[in-house]
């Protein structure tokens with residue numbers, strides 16, 4: 001059982017890393033900093049529903065660390081960790097409450113990630129005028145969270161056809 005768990009972690013981390021790399025290669029038509037597709041979050045949502053809340057947290061933190069040192073400036077790790085931790089925390093609460101669908105949980109995660117990053121940015125540059133940027137990030141979080149949530153639900157549905165992947 002232990003080797004299966006290690007293999008699962010490896011697979012999920014590799015997938016999240018690959019999705020982050022793909023996202024890094026895709027130029028977005030707009031140049032607003034902080035707005036991205038969030039492809040790697042697909043893996044985190046699937047892990048949250050498929051292998052567990054604690055496991056999804058570990059995967060998220062390892063992914064942020066690896067991606068931060070590989071594709072980004074290590075100084076951005078603070079922003080990524082703040083967004084990742086707040087996102088995971090609120091997604092875990094929403095999932096446990098069973099008040100939200102998988103898409104709803106993903107939307108909450110997308111919004112929370114952006115809020116976490118804005119909070120750190122305001123503290124980091126000591127400038128509250130960054131709050132004006134928040135509505136754009138909220139819209140981005142809703143759009144990307146919706147798309148990632150739909151893809152995650154479809155993926156888990158497909159996985160459940162072949163073997164019991166999640167209880168939801």
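The values are calculated or read from the model by the stated rules, or taken from the named source; none is laboratory data. Fair warning: this is a prediction, and the values are worked out from it, not measured in the lab. Because the Cβ atoms are built from the backbone with ideal geometry, glycine has one as well, and the counts that use them run over all protein chains shown.
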Within the group 138, 91, which residue is assigned to a helix (DSSP H, G or I) and surrounded by fewer than 16 Cβ atoms within 10 Å (Cβ to Cβ)?
138
Please go through the range 51-60 and pick out each residue that is touching a helix residue (DSSP H, G or I) at 6+ places or on another chain (Cβ under 7 Å) and either buried (at least 19 other Cβ atoms within 10 Å of the Cβ) or without any contact (Cβ under 8 Å) to a residue 24 or more places away in the chain (or both).
56, 57, 59, 60
Going through 85, 58 one at a time, which residue ends up being over 20 Å from residue 157 (Cα atoms), modelled with pLDDT of 90 or more, over 11 Å from the mean Cα position of the chain (by Cα) and assigned to a helix (DSSP H, G or I)?
58
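For (1) in a helix (DSSP H, G or I); (2) modelled with pLDDT of 85 or more, each residue gets a yes or a no:
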{"residue": "5", "(1), (2)": "yes, no"}
{"residue": "9", "(1), (2)": "yes, yes"}
{"residue": "17", "(1), (2)": "yes, yes"}
{"residue": "27", "(1), (2)": "no, no"}
{"residue": "34", "(1), (2)": "no, no"}
{"residue": "49", "(1), (2)": "yes, yes"}
{"residue": "78", "(1), (2)": "yes, yes"}
Please verify whether the range 149-158 includes one or more residues that are more than 20 Å from residue 8 (Cα to Cα) and either in contact with a helix residue (DSSP H, G or I) (Cβ under 7 Å, 6 or more places away or on another chain) or part of a loop (DSSP other than H, G, I, E, B) (or both).
yes
